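In what follows, a structure is listed as structure tokens, so that the remarks can point back to it.
The values are calculated or read from the model by the stated rules, or taken from the named source; none is laboratory data. A quick note: this is a predicted structure, and the numbers were derived from the prediction, not measured. Cβ coordinates were reconstructed from backbone atoms using ideal geometry, including for glycine residues, and neighbour counts include every protein chain displayed. These accessible areas exclude ligands, DNA and RNA; they are computed on the full protein's heavy atoms, side chains included. Shrake-Rupley method; radii C 1.70, N 1.55, O 1.52, S 1.80 Å.
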Amino acid sequence: MTFGEQPAYLRVAGDLRQKIVDGQLPPHTRLPSQARIRQEYGVSDTVALEARKVLMAEGLVEGRSGSGTYVRERPVPRRISRSGYRPTGGATPFRQEQADGEGRGTWESSSEQSEASVAVAERLDIEPGERVMCTRYLYREGGEAMMLSTSWEPLAVTGRTPVMLPEEGPVGGMGVVERMRAIDVIVDNVTEEVGARPGLAEELLVLGGVPGHVVLVVQRTFYASGRPVETADVVIPADRYRVAYHLPVK
């Protein structure tokens, strides 16, 4: 389908999108009403409504109860460092950034034993139902929620050791590589797969956003001699952050 053959609602949405990008409809400006869109573009109410739905799904506008639809503030994406970057001292990249003198980051976590789901078991190469330590993290920057992470570690590896709880003990909070080294498990590989999907309702409730907002999901797994020793899902708001990889040249 060529551009000229696009459905009418996409052409209307595209024109309104361009006006938002160009600043003709700046943040906090009320979007033209459905009746005005119908008159200005010569389309039906259905087309006007669908065009507004497209802009909402893209996160460009938001509805305000009893007031109308308004152009959203467009945040300037900020950087989140990921793998390949191994700072001195054993801290994770996020924590190292927060210690560089300008960071304003904080985090909170909670751990509990649970049974591995089918999906988690497949990633950890264990049987479904085997015991794992599940740790959930919420990272904030300047008080604003910026990233969620859920990690799973097989208790067959860490159970009854000083590193069983990731944030406690002599190397608590030092990251997977350092913690595993403390129990003579040498991590020698890590993989990360980055994807995108609409945020779940519970994720957006914490991270901010409206239904339909897209999140980046980094699926990370650490290996020791081919054996997975930790896997995690990191969830990041796609409209506010970019994932930056620091990859050493060998």
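Could you work out [θ]222 nm for the chain from helices alone, using -39500 (n - 2.57) per DSSP H run of at least four and dividing by all its residues? Round to the nearest 500 deg cm²/dmol. Before the final figure, lay out the partial values.
Values: 8 runs with 66 residues, N = 250.
Helices in the chain give a 222 nm mean residue ellipticity of -7000 deg cm²/dmol.
Measuring with a 1.4 Å probe in the full set of protein chains, what accessible area per residue, in whole Å², belongs to the chain? Write out the running numbers ahead of the final one.
On the way: 13720 Å² over 250 residues.
Per residue, the chain has an accessible area of 55 Å².
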Spacing of the two label points (7 Å from each Cα toward its C-beta) at Val214 and Thr46, in nm: 2.8 nm
Local electrostatic count, Pro166, Cβ distance below 10 Å [Lys/Arg +1, Asp/Glu -1]: -3
Estimated inter-spin distance, Asp22 and Asn189, nm [label 7 Å along Cα→Cβ]: 5.2 nm
Residue list for the range 166-187, given a label point 7 angstrom along the Cα-to-Cβ vector of Ser81 and an amide N cut-off under 15 Å: 175
Carbon and sulfur %, accessible surface of the chain computed with the full protein complex present, 1.4 Å: 51 percent
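Can you tell me how much longer the chain between Glu130 and Tyr223 gets when fully stretched, taken as 0.36 nm per residue apart minus their C-alpha distance, in nm with one decimal?
Values: separation 93, 0.36 × 93 = 33.48 nm, distance 1.82 nm.
Difference between extended and current length: 31.7 nm.
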Full-stretch length increase - Ser33, Arg74 - with 0.36 nm per residue and alpha-carbon distance subtracted: 12.7 nm
